[in-house]
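A.B. asks: Can you read through this structure? Questions will come right after.
The values are calculated or read from the model by the stated rules, or taken from the named source; none is laboratory data. This one's a predicted model, so the numbers in the text were calculated from it and none came from an experiment. Here the Cβ positions follow ideal geometry from the backbone for every residue, glycine too, while neighbour counts run over all protein chains shown.
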Amino acid sequence: MAAGVAAGGQLTTTTEIENFPGFPDAISGSELMLRMREQSLRYGTRIKTKTVNAVDLSKRPFKVLCAKETYECESLIIATGATAKRLDLKGDKEFWQKGISACAVCDGALPMFRNQALAVIGGGDSAIEEATFLTKFASQVYLIHRRDQLRASKAMQERAFANKKIEILWDHIPLEAIGEKFLTGLKIQNVKTKIERTLAVKGLFYAVGHVPNTAFLNGQLECDETGYIKTVAGTTRTSVKGVFACGDVQDKIYR
Ligand code: NDP
């Protein structure tokens, strides 16, 4: 695991990928990543499954520092992606992995969530994807969104509206996770009326966006104010010659 994500990255935690070219019948995220791995092996790539703790980009060869070994290289491509965010919610630490998760695909099928009411927070494509996935197991899924409009694509919105197990709670924010040993409820508030109530839910799934995985760079590359690596427009070049960046770690718009 690196930044809470298994080798293969964010796509290993997604279900059906319907918008990747060449797969007209969709493909699962983990299957797609496995195929990419096999494709790179076919061209002679040597894959080291390690967590990188730090890099030294002060001079060539660059150094890539893992727990036990250090690798040297003349060029470096950074494709470390981004990690799902958690909310600083009262009760979050207490019930994290005891009902609270940031990955429905990883945890949704657990027996503790079967035939239970569950909640998803967010209004983007991830939120709808997670909510839809959870309806396979849950008795009901509340989609809690802080505004009166979803950010998700139209196709995903329609999927949510058509699913009878999904109830969208517009203009709501979570206030507190409640339970004893495990999560049993979520206190929420309507931001317009200020009315509070408690939903009896056994699961709470965050789908509130991502943070780029750039902490290990320790400021050696130019990043924007939210930590995404800056690249020269139209290229993958970073502020250090010989170091390149691609994917979600340098793109928060198109991803
Ligand atoms: P987004 O940034 O699109 O959405 C995050 C959602 O979380 C927003 O609705 C936002 O609300 C809400 N949110 C953020 N912070 C808080 C907070 N503190 N409290 C309450 N709500 C909060 O992230 P996604 O992960 O959904 O999507 C990222 C990208 O990946 C998008 O480009 C998306 O299209 C893509 N994607 C595509 C999928 C597919 O095609 N199958 C599946 C998943 C993702 P608000 O809207 O008010 O800002």
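A.B. asks: Could you grab me the full set of residues in segment 166-188 that are touching a residue at least 24 places away in the same chain (Cβ under 8 Å), assigned to a loop (DSSP other than H, G, I, E, B) and either of a type in the set (S, T, N, Q) or surrounded by fewer than 16 Cβ atoms within 10 Å (Cβ to Cβ) (or both)?
C.D. replies: Within segment 166-188, Asp171, Lys181, Phe182 qualify.
A.B. asks: Is at least one residue of segment 60-72 modelled with pLDDT under 95 and of a type in the set (Ser, Thr, Tyr)?
C.D. replies: no
One line per residue, one yes/no per condition, for (1) touching an Asp or Glu at 6+ places or on another chain (Cβ under 7 Å); (2) of a type outside the set (Ser, Thr, Tyr); (3) closer than 26 Å to Ser28 by Cβ:
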| position | (1), (2), (3) |
| --- | --- |
| Gly99 | no, yes, yes |
| Phe137 | no, yes, yes |
| Gln149 | no, yes, no |
| Ser153 | yes, no, yes |
| Trp170 | yes, yes, no |
| Ile173 | no, yes, no |
| Phe182 | no, yes, no |
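A.B. asks: Another question, if that's okay. Could you please find all residues in segment 57-82 being over 15 Å from Leu217 (Cα atoms), without any contact (Cβ under 8 Å) to a residue 12 or more places away in the chain and over 29 Å from the mean Cα position of the chain (by Cα)?
C.D. replies: Within segment 57-82, Glu72 is the sole residue that qualifies.
A.B. asks: Can you list residue pairs whose Cβ atoms sit under 9 Å apart, with the first residue in segment 136-160 being modelled with pLDDT of 95 or more and the second being away from the ligand (no atom under 14 Å from the Cβ) and among the hydroxyl-bearing types (Ser, Thr, Tyr)? Count only pairs 6 or more apart in sequence or on different chains.
C.D. replies: These pairs meet every condition: Val141/Thr135.
A.B. asks: Hey, another quick one. Please determine, by comparing only the residues of segment 126-152 that are surrounded by fewer than 17 Cβ atoms within 10 Å (Cβ to Cβ) and near the ligand (Cβ under 6 Å from one of its atoms), which one is nearest to Thr198 (Cα to Cα). Break it down into steps so the answer makes sense when it comes.
C.D. replies: First, the residues of segment 126-152 that are surrounded by fewer than 17 Cβ atoms within 10 Å (Cβ to Cβ): 136, 139, 146-149, 151.
Cutting the leftovers down to near the ligand (Cβ under 6 Å from one of its atoms) gives us 146-147, 151.
Working: Arg146: 16, Arg147: 19, Arg151: 25 Å.
Among those that are surrounded by fewer than 17 Cβ atoms within 10 Å (Cβ to Cβ) and near the ligand (Cβ under 6 Å from one of its atoms), it is Arg146.
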